[in-house]
Amino acid sequence: MVRGRISRLSVRDVRFPTSLGGHGADAMHTDPDYSAAYVVIETDAEDGIKGCGITFTLGKGTEVVVCAVNALAHHVLNKDLKDIVGDFRGFYRQLTSDGQLRWMMDANQRWDVPEAVEWMSKLAKFKPLWIEEPTSPDDILGHATISKALVPLGIGIATGEQCHNRVIFKQLLQAKALQFLQIDSCRLGSVNENLSVLLMAKKFEIPVCPHAGGVGLCELVQHLIIFDYISVSASLENRVCEYVDHLHEHFKYPVMIQRASYMPPKDPGYSTEMKEESVKKHQYPDGEVWKKLLPAQEN
């Protein structure tokens, strides 16, 4: 039994200047700085247990998430750990099993529906496995229309990284609007919301191919894909997980990749704890990195 109370909660705005390298720009996010609202929860438990968590953001607006966390802190401060645990609801390429190279294409939400159908019909001769986010991620019926046109051509629809709850995924699944489901471990409301989507995907026999990259998304999503394989889908068929090889050096327990596969983590927890040195250096706006960058940007 976990014993103790939550004694302190701190949240910090941590930003990495990835816009300088042009990382992550798309129709939804122009020149983003991969960032996170980084939360540390401390306890008075005898073993000094603490919890760390992040909400992946894209720079501007992170301060709003920080304010929201502070505003909600009273829901957990001074509460027993046992109560908190009890209340927990809370262009790519792939080598396929037959040895043939399959292309995965990403439109980054830039097309309208007719445009997506037109372009992908022309690209069908290259036999892509999927087109990712062919139109606005909010357009469920639009995705369904594109899916109906492209599936006969052998092209699947992959989407989900912008979906923020299980209800949106339910509608996408019921409308047959996707053939590859891309959960995002920070976009959805923590572990339980992600697990409900994994279970729905199993019911509809749709493979889950999680979105990752950013700040800590690979660290987070590894637990979900391993759980999906072991306890839900029990299959690797048509399943891949995105991996981006940057910013892992800022985490105490970074992901391990061997032979193009995620390895099971050896440490307990959700792998979200960041190195204190990295947090201090990249804290916005008074960290060392931003003290140098902000005056330069103003000039």
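I need the full set of residues from the range 255-265 which are under 26 Å from Lys280 (Cα atoms) and surrounded by fewer than 17 Cβ atoms within 10 Å (Cβ to Cβ), in order please.
Residue satisfying the conditions is Met256 alone.
Write out, first by first residue and then by second, each pair whose Cβ atoms fall under 6 Å of each other, whose residues are 6+ apart or on separate chains, and whose first residue, in the range 275-293, is open to solvent by less than 70 Å² (accessible area, probe 1.4 Å) while the second is among the β-branched types (Val, Ile, Thr).
Note: pairs meeting the criteria are Val279/Val14; His282/Val14; His282/Val289; Gln283/Val14.
Which of the residues spanning the range 124-144 are assigned to a helix (DSSP H, G or I) and farther than 12 Å from Trp111 by Cβ?
Ala124, Lys125, Phe126, Ile140, Leu141, Ala144
Applying the selection to the range 126-144, what residues are more than 23 Å from Val240 (Cα to Cα) and open to solvent by 80 Å² or more (accessible area, probe 1.4 Å)?
Answer for the range 126-144, where residues must be more than 23 Å from Val240 (Cα to Cα) and open to solvent by 80 Å² or more (accessible area, probe 1.4 Å): Asp138, Leu141.
Find all pairs meeting these conditions: Cβ atoms under 9 angstrom apart; at least six residues apart or on different chains; first residue within the range 32-55 and more than 22 Å from Leu188 (Cβ to Cβ) and open to solvent by less than 30 Å² (accessible area, probe 1.4 Å); second residue outside any strand (DSSP E or B) and among the small types (Gly, Ala, Ser).
Asp33/Ser19; Asp33/Gly24; Asp33/Gly59; Thr43/Gly4; Ala45/Gly4
Just give me the residues in the range 178-209 being in contact with a strand residue (DSSP E or B) (Cβ under 8 Å, 6 or more places away or on another chain) and of a type in the set (A, V, I, L, M, F, W, C), in sequence order.
Correct list: Leu178, Phe180, Leu181, Ile183, Cys186, Val197, Leu198, Ala201, Ile206, Val208, Cys209.
Since Arg5 meets every condition but one in (1) under 18 Å from Ala212 (Cα atoms); (2) surrounded by fewer than 19 Cβ atoms within 10 Å (Cβ to Cβ); (3) at pLDDT 85 or above, which condition does it not meet?
That leaves (1) as the condition not met.
Would you mind stating whether Gly269 is buried (at least 17 other Cβ atoms within 10 Å of the Cβ) and part of a loop (DSSP other than H, G, I, E, B)?
Working: buried (at least 17 other Cβ atoms within 10 Å of the Cβ): no; part of a loop (DSSP other than H, G, I, E, B): yes.
So Gly269 fails the test.
The values are calculated or read from the model by the stated rules, or taken from the named source; none is laboratory data. Because the structure is predicted, anything quoted here is derived from the model rather than measured. Positions of Cβ are generated from backbone atoms using ideal geometry, with glycine treated the same way; all protein chains shown enter the neighbour counts. The protein model used for the area step is the full one, side chains on, heavy atoms only, and it has no ligands, DNA or RNA in it. Shrake-Rupley method; radii C 1.70, N 1.55, O 1.52, S 1.80 Å.
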